[in-house]
Amino acid sequence: MEKEDEERKKAQMLDARARNISHNVRCTECGSQSIEDSQADIAILLRQLIRDEIGAGKSDKEIYSKLEDEFGETVLYAPKFDLQTAALWLTPVIIAGGTAAGIAYQKHRQRTNTHIMALNLIRGVSLTPKERATILDVLIPPPPPPRGMASRLRSWLNR
């Protein structure tokens with residue numbers, strides 16, 4: 001009884017492993033489905049090939065390598081990162097970074113357009129409360145840092 005349970009568990013583990021690999025392999029006939037979801041003849045043959053390779057004791061990496069060698073890199077859903085696929089992987093990062101930089105630059109320009117606000121003030125155009133606060137922040141120097149007791153004593157003695 002235990003032997004049957006053990007064999008059933010082993011068969012379930014091998015089946016789960018085969019399904020996992022099959023979900024990561026693109027059907028060469030359908031293109032948009034994994035071989036696990038496809039009912040095309042080639043998908044059925046590839047699923048059987050994967051089960052045979054697992055039965056032969058091959059690792060997942062070896063199975064993926066064999067499929068890639070036989071059918072090309074496009075058979076895998078997750079292409080490797082190399083010189084040919086660098087644009088594919090880096091384009092979203094570059095677009096997001098460029099967008100973030102553009103937004104930050106716009107915010108910076110909105111906050112620091114004081115020369116335009118000053119010209120408008122000279123021309124007699126009234127400022128909005130936000131523009132007035134911004135121009136005052138720029139024109140009024142920050143308060144001096146608080147001085148320590150020794151510097152206060154020195155300034156008092158120098159009077």
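The values are calculated or read from the model by the stated rules, or taken from the named source; none is laboratory data. Keep in mind that this is a model prediction, so the values were computed, not measured. Every residue, glycine among them, receives a Cβ derived from its backbone with ideal geometry; neighbour counts consider all protein chains shown. The accessibility values were calculated without ligands, DNA or RNA, using every heavy atom of the protein model including side chains. Shrake-Rupley method; radii C 1.70, N 1.55, O 1.52, S 1.80 Å.
Expressed as a whole percentage, what fraction of the accessible surface of the chain belongs to carbon and sulfur atoms when a 1.4 Å probe is rolled over the protein heavy atoms?
C and S atoms contribute 60 percent here.
May I ask you to give the solvent-accessible area per residue for the stretch 1-117, in square angstrom, as obtained with a 1.4 angstrom probe?
72
Under 19 Å between alpha carbons, and skipping anything fewer than 8 positions from Lys107 in its own chain: which aspartates and glutamates qualify?
Within reach: Glu131, Asp137.
Which of the lysines could be linked to Lys58 by a straight reach, that is with a Cα gap under 29 Å, when you skip same-chain ones fewer than 8 residues away?
Candidates past the 8-residue exclusion: Lys3, Lys9, Lys10, Lys66, Lys80.
Hey, can you list the DSSP H helices of the chain whose Cα span along the axis is 18 Å or longer and whose average Kyte-Doolittle score is at least -1.0?
Qualifying helices: 41-55, 86-111.
Using a Förster distance of 22 Å, how high is the FRET efficiency between Thr74 and Ile44, based on the Cβ-Cβ distance and rounded to 0.05?
0.65
Please name whichever of Gln106, Gln12, Gly55 sits farthest to the positive end of the charge dipole of the chain, dipole taken about the Cα centre and charges placed at Cβ: Lys and Arg +1, Asp and Glu -1.
Gln106
What FRET efficiency would be calculated for the residue pair Met13, Gln33, taking the C-beta separation as r and a Förster radius of 25 Å, to the nearest 0.05?
0.50
Report the net charge of residues surrounding Lys10, where surrounding means a beta-carbon distance below 13 angstrom and charges are Lys +1, Arg +1, Asp -1, Glu -1.
-2
Which sequence of Ile42, Ile63, Ile122 reflects their accessible areas, 1.4 Å probe, from the largest down?
Ile122, Ile42, Ile63
Once the piece of chain linking Ala101 and Leu121 is laid out straight, how much longer is it, given 0.36 nm per residue of separation minus the C-alpha distance between them?
4.2 nm
Given (i) 385; (ii) 111; (iii) 93, which label gives volume of the Cα convex hull per residue in Å³ as computed from the coordinates?
Working out volume of the Cα convex hull per residue in Å³ from the coordinates points to (i).
Modelled label-to-label distance, Arg109 and Leu139, 7 Å Cα→beta-carbon offset: nm?
Result for the modelled spin labels: 2.5 nm.
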